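What follows is one structure encoded as structure tokens, with my remarks underneath.
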Amino acid sequence: MNEERTRRRLPRGEREQQIIDCAIQVFARRGYSAASVDEIAEQAGVSKPLVYLYLESKEGLFLACLRREEQRLVAAFQDAAIGGGTSELRLWAGLQAFFGFVADHRDSWAVLHRQAPDLGPTIAEEISKARHSILDEVRKLVLEGIALSPTQIHLGDADADFVAHALVGAADSLTDWMERHPGESPERVTLRLMGMMWVGMRQVLGGEVWAPPEPAAAE
């Protein structure tokens with residue numbers, strides 16, 4: 001009885017976070033379609049009508065989960081990348097925080113990465129907002145790297161946008177690879193990605209440009 005009274009006295013904000021915590025676990029475990037508000041309410045220790053009162057619908061509950069975890073992911077990247085050092089080191093720190101989030105919040109990533117893209121335009125729009133937030137951060141760091149290049153190579157916004165999309169797309173894809181290779185640490189994954197992508201970027205900033213070989217001359 002005392003425990004029930006304590007649950008009832010929680011402020012609304014704390015209660016909503018508790019419901020979202022449980023909802024993420026259920027959505028990750030069962031998938032959006034199979035998950036039920038009844039099970040989420042039971043796991044959270046609240047009534048089903050209370051879930052609807054706070055979050056309106058099953059879709060509203062899923063969106064609340066999505067928005068909160070998106071904000072946490074973007075904040076993890078921004079907080080890590082805001083530190084001192086070169087743009088290269090800040091990108092390294094931000095990507096490491098990204099992969100660290102994925103490794104430490106498997107249920108959250110299951111909701112963000114696997115389920116959400118197939119659940120309609122409203123949810124897809126939320127996913128797009130989070131992706132663009134991280135793209136903007138990466139783009140800024142790449143532009144800084146271009147501006148600080150010792151050579152007079154002519155790269156600009158379009159080039160930075162291209163590199164940002166390549167890096168973020170690769171990072172997104174590598175989360176699947178991480179699941180198949182659980183022994184790979186976030187630091188190691190980041191190191192390998194930077195080795196593949198940023199070393200090439202550094203060569204471009206130094207003036208090196210790849211071109212296909214000239215066709216062999218006919219005899």
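The values are calculated or read from the model by the stated rules, or taken from the named source; none is laboratory data. As the structure is a computational prediction, the values presented were derived from the model and not from experiment. Positions of Cβ are backbone-derived with ideal geometry, glycine not excepted, and every protein chain shown enters the neighbour counts. When the accessible area is computed, the model is the full protein with side chains, heavy atoms only, and any ligands, DNA or RNA have been set aside. Shrake-Rupley method; radii C 1.70, N 1.55, O 1.52, S 1.80 Å.
Observations on the model:
- Answer residue from segment 181-210, given it is loosely packed, with under 10 Cβ neighbours inside 10 Å and at pLDDT below 75 and is farthest from Glu88 (Cα to Cα) among those: Trp210
- For segment 77-89, the tally of residues that are open to solvent by 30 Å² or more (accessible area, probe 1.4 Å) and touching a residue at least 24 places away in the same chain (Cβ under 8 Å) stands at 3.
- Residues in segment 99-119 include none that are more than 15 Å from the chain's Cα centre (by Cα) and hydroxyl-bearing (Ser, Thr, Tyr).
- The set of residues in segment 37-55 being of a type outside the set (Gly, Ala, Ser) and open to solvent by 50 Å² or more (accessible area, probe 1.4 Å) consists of Asp38, Glu42, Gln43, Lys48, Pro49, Tyr52, Leu53.
- For beta carbons closer than 6 Å, sequence separation of 6+ or different chains, a first residue in segment 108-133 that is under 20 Å from Ile19 (Cα atoms) and aromatic (Phe, Trp, Tyr) and a second that is open to solvent by less than 30 Å² (accessible area, probe 1.4 Å) and assigned to a helix (DSSP H, G or I), the qualifying pairs are Trp109/Val102.
- Here Lys58 clears all of (1) within 14 Å of the chain's Cα centre (by Cα); (2) surrounded by 18 or more Cβ atoms within 10 Å (Cβ to Cβ) except the condition numbered (1).
- Among the residues of segment 27-36, just one is more than 20 Å from the chain's Cα centre (by Cα) and open to solvent by less than 10 Å² (accessible area, probe 1.4 Å), namely Ala35.
- Residues of segment 114-130 that turn out to be under 20 Å from Met178 (Cα atoms), buried (at least 17 other Cβ atoms within 10 Å of the Cβ) and not polar (S, T, N, Q), as a count: 1
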